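Student: Please find one structure pasted underneath; my questions will follow.
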Amino acid sequence: MFNFALNSLFNKERMRFFGNIEAKTDAKGRVFFPAVFRKELLSAGEERLVMRKDIHQTCLVVYPESVWNELLDALNTHLNRWNAGHRQLLRQFMTGVEMMTLDGSGRLLLPRRYLESAAIKQNILFKGLGDTIEIWSPEEEEKSMLSAEEFSASIEAVMADAVSPQPHREQ
């Protein structure tokens, strides 16, 4: 426990999850959490995860607890707790949020309601998205993807005004 506390205090590097990893749930809804993602969590001193249904897509989003707390703090800075509409927004955002941990074998239990909300039957696709991990049904993930042309136009529109550092060249 002491080592975990020290890691949490001194390891401030951001977690970076990336990659697409296929897996299968068992009859109880358990799935082996990808080893590469477990290693990243361990190196950051993270033990608990937060899961919720994505607000835009038919998938689940897994947040390391520290990332979730940052997100929730950022949301709360824009909300007034005395505003009824803001309270309702927060209430709805928090509905279905669940704190989770991996079991001793490195498995994550996906409750039936989560599997149904993401149209997941047995096959799963884990997608690392920087500091979060999405869990998809492979069929739903494929339907959500932009065409190559749409992707190219979208990334160009987003990045057109961004200033990119030029690689340093030795003289």
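Student: Pull up the range 94-143, narrow it to residues that are in contact with a helix residue (DSSP H, G or I) (Cβ under 7 Å, 6 or more places away or on another chain) and under 17 Å from Asn69 (Cα atoms), then point me to the one that is least open to solvent (accessible area, probe 1.4 Å).
Tutor: Ile133
Student: Working only within the range 117-142, note down all residues that are within 15 Å of the chain's Cα centre (by Cα) and assigned to a strand (DSSP E or B).
Tutor: Ile124, Leu125, Phe126, Lys127, Gly128, Leu129, Gly130, Thr132, Ile133, Glu134, Ile135, Trp136
Student: Sticking with this structure for a sec: For the subset of the range 144-153 comprising residues that are in a helix (DSSP H, G or I) and small (Gly, Ala, Ser), which member is surrounded by the most Cβ atoms within 10 Å (Cβ to Cβ)?
Tutor: The initial filter retains those residues of the range 144-153 that are in a helix (DSSP H, G or I), namely 144, 148-153.
Retained after the next criterion (residues that are small (Gly, Ala, Ser)): 144, 148, 152-153.
Working: Ser144: 14, Ala148: 8, Ser152: 11, Ala153: 12.
Checking each candidate, the answer is Ser144.
Student: While we're here: Look at the range 74-84 and say how many of its residues are open to solvent by 50 Å² or more (accessible area, probe 1.4 Å) and farther than 18 Å from Tyr63 by Cα.
Tutor: 7
So that you can scan it fast, the table gives a plain yes or no per residue for (1) under 14 Å from the mean Cα position of the chain (by Cα); (2) at positive phi; (3) assigned to a helix (DSSP H, G or I):
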{"site": "Lys39", "(1), (2), (3)": "no, no, yes"}
{"site": "Arg52", "(1), (2), (3)": "yes, no, no"}
{"site": "Ile55", "(1), (2), (3)": "yes, no, no"}
{"site": "Tyr63", "(1), (2), (3)": "yes, no, no"}
{"site": "Asn80", "(1), (2), (3)": "no, no, no"}
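Student: Follow-up. Please go through the range 65-78 and give me each residue that is under 15 Å from the mean Cα position of the chain (by Cα) and not small (Gly, Ala, Ser), ordered by number.
Tutor: Within the range 65-78, the first condition is being under 15 Å from the mean Cα position of the chain (by Cα), and the residues that meet it are 65-72.
Glu65, Val67, Trp68, Asn69, Glu70, Leu71, Leu72 - these are the residues of the range 65-78 that are under 15 Å from the mean Cα position of the chain (by Cα) and not small (Gly, Ala, Ser).
Student: Do you know which of the residues in the range 14-43 that are among the aliphatic types (A, V, I, L, M) and exposed (fewer than 12 other Cβ atoms within 10 Å of the Cβ) is nearest to Asp131 (Cα to Cα)?
Tutor: Taking the range 14-43 first, the residues among the aliphatic types (A, V, I, L, M) are 15, 21, 23, 27, 31, 35-36, 41-42.
Cutting the leftovers down to exposed (fewer than 12 other Cβ atoms within 10 Å of the Cβ) gives us 27, 35.
On the way: Ala27: 29, Ala35: 16 Å.
Filtering the range 14-43 for residues that are among the aliphatic types (A, V, I, L, M) and exposed (fewer than 12 other Cβ atoms within 10 Å of the Cβ), the one nearest to Asp131 (Cα to Cα) comes out as Ala35.
The values are calculated or read from the model by the stated rules, or taken from the named source; none is laboratory data. The structure displayed is predicted, hence computed values, not measured ones. Cβ coordinates were reconstructed from backbone atoms using ideal geometry, including for glycine residues, and neighbour counts include every protein chain displayed. Surface areas here come from the heavy atoms of the whole protein model, side chains and all, with no ligands, DNA or RNA. Shrake-Rupley method; radii C 1.70, N 1.55, O 1.52, S 1.80 Å.
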